[in-house]
Amino acid sequence: MSQSPAPILITGASQRVGLHCARRLLDEGQPLIVSYRTERPALDDLRQRGALTLAADFSSEAGVLAFIDQLKQHTERLRAIVHNASDWLREEPGHEAEAFTRMVNVHMLAPYLINLRCRELLEHCELADIVHITDDVARRGSANRVAYCASKAGLENLTLSFAAQFAPRIKVNAIAPALVMFHEHDDAAYREKTLAKSALGIEPGAEVIYQSLRYLLDNPYVTGTSLCVNGGRHLK
Ligand SMILES: NC(=O)C1=CN([C@@H]2O[C@H](COP(=O)(O)OP(=O)(O)OC[C@H]3O[C@@H](n4cnc5c(N)ncnc54)[C@H](OP(=O)(O)O)[C@@H]3O)[C@@H](O)[C@H]2O)C=CC1
Ligand SMILES: Nc1nc2c(c(=O)[nH]1)N=C([C@H](O)[C@@H](O)CO)CN2
């Protein structure tokens, strides 16, 4: 008798890009597990649609390990893991080391430990994927968010290592966006300045990340790559 489809895990899906991708996967009837750090009304919508929501704070090793233990109590199989959770912090003067540690933990330690400890859950599936959501800024650096950028560059590199280590059973790829969606508090001047940084000059919205995720999930011959979803920012 054929088994029901294994769930996909998306981390950090209580808002914005992660929430959009979660809703699109549910639209397609895909079983879903999401992690969240902050309880938000949108999570009730996901729960009512059948998603399992697990609280997680990846800012410490203990928090990552606690999440993995919780996850394994709920499933023995995973179709894919999407590492979307992210802290977009500036290093405040006097608190640089704390910010650096938090971002290395959420952007590198959490994907690293979850990938290693959940490999066997993925290998129960015929086709399995890991997707790291990085940032186009990793290829050029950032004067304003040094630690954020370095930790995203580290996540890009983890993509290469895990793709080599987990082949052929598990594909491992990255999606490297530039601007996808502003925050409500972003003023007109910031929006104009940011839009001018790319050749296409638009705020595309979260659907472009879901389209990229769908491509990686559906293509059996792509691993160890990073999809550049940046509106041609490298051309300016
Ligand atoms: N938005 C954009 O324009 C761009 C986004 N990206 C990347 O795309 C991805 C999605 O972006 P976006 O939706 O804006 O991301 P968000 O800033 O909304 O962050 C996604 C989620 O990460 C969770 N999170 C943050 N810190 C932690 C932590 N320590 N432990 C667990 N969860 C945590 C938050 O959870 P909660 O809210 O529940 O506290 C949040 O909902 C991110 O990886 C981001 O870096 C890259 C370039 C541009
Ligand atoms: N975790 C997050 N990472 C990033 C965000 C965000 O909101 N959360 N936003 C950006 C910006 O879009 C930036 O690329 C231009 O404003 C980058 N990373």
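The values are calculated or read from the model by the stated rules, or taken from the named source; none is laboratory data. The model shown is predicted, which means the values in this text are computed figures rather than measured ones. Cβ placement follows ideal geometry from the backbone for every residue including glycine, while neighbour counts extend to all protein chains displayed. Protein only, heavy atoms only, side chains kept; ligands, DNA and RNA dropped before computing areas. Shrake-Rupley method; radii C 1.70, N 1.55, O 1.52, S 1.80 Å.
So what is the relative contact order for the chain, in percent, with contacts set as C-alpha pairs under 8 Å and at least six apart?
Details: 423 pairs, mean separation 41.2, N = 236.
In percent, rounded to a whole number, it is 17.
Just the number please: accessible area per residue for the chain, 1.4 Å probe, all protein chains included, in Å². Don't jump to the answer; show the numbers that get you there.
On the way: 11600 Å² over 236 residues.
Heavy-atom SASA per residue in the chain reads 49 Å².
Compute a Gaussian network model of the chain, connecting alpha carbons closer than 10 Å, and tell me which residue from Thr53, Thr75, Thr225 fluctuates the most.
Looking only at Thr53, Thr75, Thr225, the biggest GNM fluctuation is shown by Thr75.
For Ser161 and Arg117, what does the FRET efficiency come to when R0 = 25 Å and r is the distance between their Cβ atoms, rounded to the nearest 0.05?
Numbers: r = 16 Å, r/R0 = 0.63.
Given R0 = 25 Å and the Cβ-Cβ separation, E is 0.95.
Could you work out how much longer the chain between Arg40 and His95 gets when fully extended? Use 0.36 nm per residue separation minus the Cα distance between them, nm to one decimal. Working shown, then result.
Numbers: separation 55, 0.36 × 55 = 19.80 nm, distance 2.79 nm.
Fully extending the segment from Arg40 to His95 adds 17.0 nm.
Cα atoms only, the chain: Rg and Dmax in Å?
Just the Cα atoms of the chain yield Rg and Dmax of 17.3, 60 Å.
So how do 37-45, 105-113 stack up, highest first, on mean other-Cβ count within 10 Å?
On the way: 37-45: 13.3, 105-113: 23.6.
Output ranking for 37-45, 105-113: 105-113, 37-45.
Helix 207-218 sits at what angle to the longest principal axis of the chain, using alpha carbons and giving 0 to 90 degrees rounded to 10?
The helix 207-218 is inclined about 40 degrees to the chain.
Please report the carbon-and-sulfur percent of the accessible area for the chain; probe 1.4 Å, protein heavy atoms only, DNA, RNA and ligands left out. Before the final figure, lay out each step's value.
Working: 6080 of 11600 Å².
It is 52 percent, rounded to a whole number.
With 21 Å as the cut-off, how large is the P(r) tail for the stretch 6-129, expressed as percent of Cα-Cα pairs?
On the way: 2916 of 7626 pairs.
Summing the P(r) tail past 21 Å for the stretch 6-129 gives 38 percent.
What net charge is computed for the residues neighbouring Asp129, neighbours being all others with C-beta under 9 Å from the C-beta of Asp129, Lys and Arg scored +1, Asp and Glu -1? Don't jump to the answer; show the numbers that get you there.
Working: positive: Arg79, Lys171; negative: none.
That works out to +2.
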